[in-house]
């Protein structure tokens, strides 16, 4: 737990009351000397509580103006040599399921992503959506809360939509952006990516993809396919949408891409094997303590409420008979 101030200069507001009080004290001392010299009786004095109450009000309001905050940091052990990205396909075909009301591909993909996150708790993992672009939603972190909230609240079909309208939106060629964009920290050279998709992609020039990936530190890939050629996208009426037809070549296409980039391909039912692959891919390495969650609580409202007490005392003294 730490204490800090967002606006330390705000404490100068105390001068508005402290300076006049000090001046008043100086004047009263001079008046006392003059009265003693002339032999005059001292007049009745205001209760001693008045200046003390004024000083307390000034101090508390100055504290509020300085905007104090109490900060609590949660730390945990985190690998410093490796980072993982989970890329989840959010194209419309991920709404497909075996029958109306059955669990769609996207929900199964999110379960896989959550299970893989849990398998390597000390490894920083990022999360990205995948259509005809790969868009990071959270960069590699060991903060389970940040990862979990993003997975539940930000990742979904059409969030975000593809950059261009097309019958088929997924373009796995964008996996090359893991090399050309700043997905991973520059000083991290052990890089891992797990792609969870139905494999229904636009044609991929694997030679071009390999060349792009070879221009950056190597990335170890796993491609996890969810869905089958028997699944359909169902309308609210329960009827299959005529605009969607499953791609019977999706599994073969995904395997071909995986072989080209030196990755492994898994079916969704092979979650155990995928998890073992991930644990092996991240391996073992140095662990450092890192801040994964920081919470700040503003204390200014408490200081303002505290000023009510001496202010009430002033009011009571003022109206005393």
Residue selected from the stretch 86-107 under the condition in a strand (DSSP E or B) and surrounded by 23 or more Cβ atoms within 10 Å (Cβ to Cβ), by the criterion farthest from the chain's Cα centre (by Cα): 89
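Listed here are the residues, each with its yes/no results for (1) under 26 Å from residue 260 (Cα atoms); (2) at pLDDT 95 or above; (3) part of a loop (DSSP other than H, G, I, E, B); (4) assigned by TED's automatic domain parsing to the domain that holds residue 273.
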| residue | (1), (2), (3), (4) |
| --- | --- |
| 122 | no, no, yes, yes |
| 127 | yes, yes, no, yes |
| 137 | no, yes, no, yes |
| 161 | no, no, yes, yes |
| 167 | yes, no, yes, yes |
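For residue 281, state whether it is surrounded by 12 or more Cβ atoms within 10 Å (Cβ to Cβ), under 34 Å from the mean Cα position of the chain (by Cα), over 24 Å from residue 142 (Cβ atoms) and at pLDDT 90 or above.
Working: surrounded by 12 or more Cβ atoms within 10 Å (Cβ to Cβ): yes; under 34 Å from the mean Cα position of the chain (by Cα): yes; over 24 Å from residue 142 (Cβ atoms): no; at pLDDT 90 or above: yes.
So residue 281 fails the test.
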Extreme residue, modelled with the lowest pLDDT, among residues of the stretch 143-159 that are part of a loop (DSSP other than H, G, I, E, B) and out of contact with any strand residue (DSSP E or B) (no Cβ under 6 Å at 6 or more places or on another chain): 158
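Would you be able to tell me the number of residues in the stretch 227-247 that are farther than 11 Å from residue 198 by Cα and without any contact (Cβ under 8 Å) to a residue 40 or more places away in the chain? Explain how you work it out, then say what you get.
Going residue by residue through the stretch 227-247, those that are farther than 11 Å from residue 198 by Cα are 230, 232-245.
Right, trim to without any contact (Cβ under 8 Å) to a residue 40 or more places away in the chain and you get 235-237, 239-242, 245.
Number satisfying all stated conditions: 8.
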Any hit, the stretch 161-177, residues being surrounded by fewer than 16 Cβ atoms within 10 Å (Cβ to Cβ) and either closer than 17 Å to residue 282 by Cβ or touching a helix residue (DSSP H, G or I) at 6+ places or on another chain (Cβ under 7 Å) (or both): no
Residue count, the stretch 151-160 (criterion: surrounded by 16 or more Cβ atoms within 10 Å (Cβ to Cβ) and under 30 Å from residue 75 (Cβ atoms)): 2
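The values are calculated or read from the model by the stated rules, or taken from the named source; none is laboratory data. Computed from a predicted structure; not experimentally measured. So basically every Cβ, Gly included, is an ideal-geometry build from the backbone, and we count neighbours across all protein chains shown.
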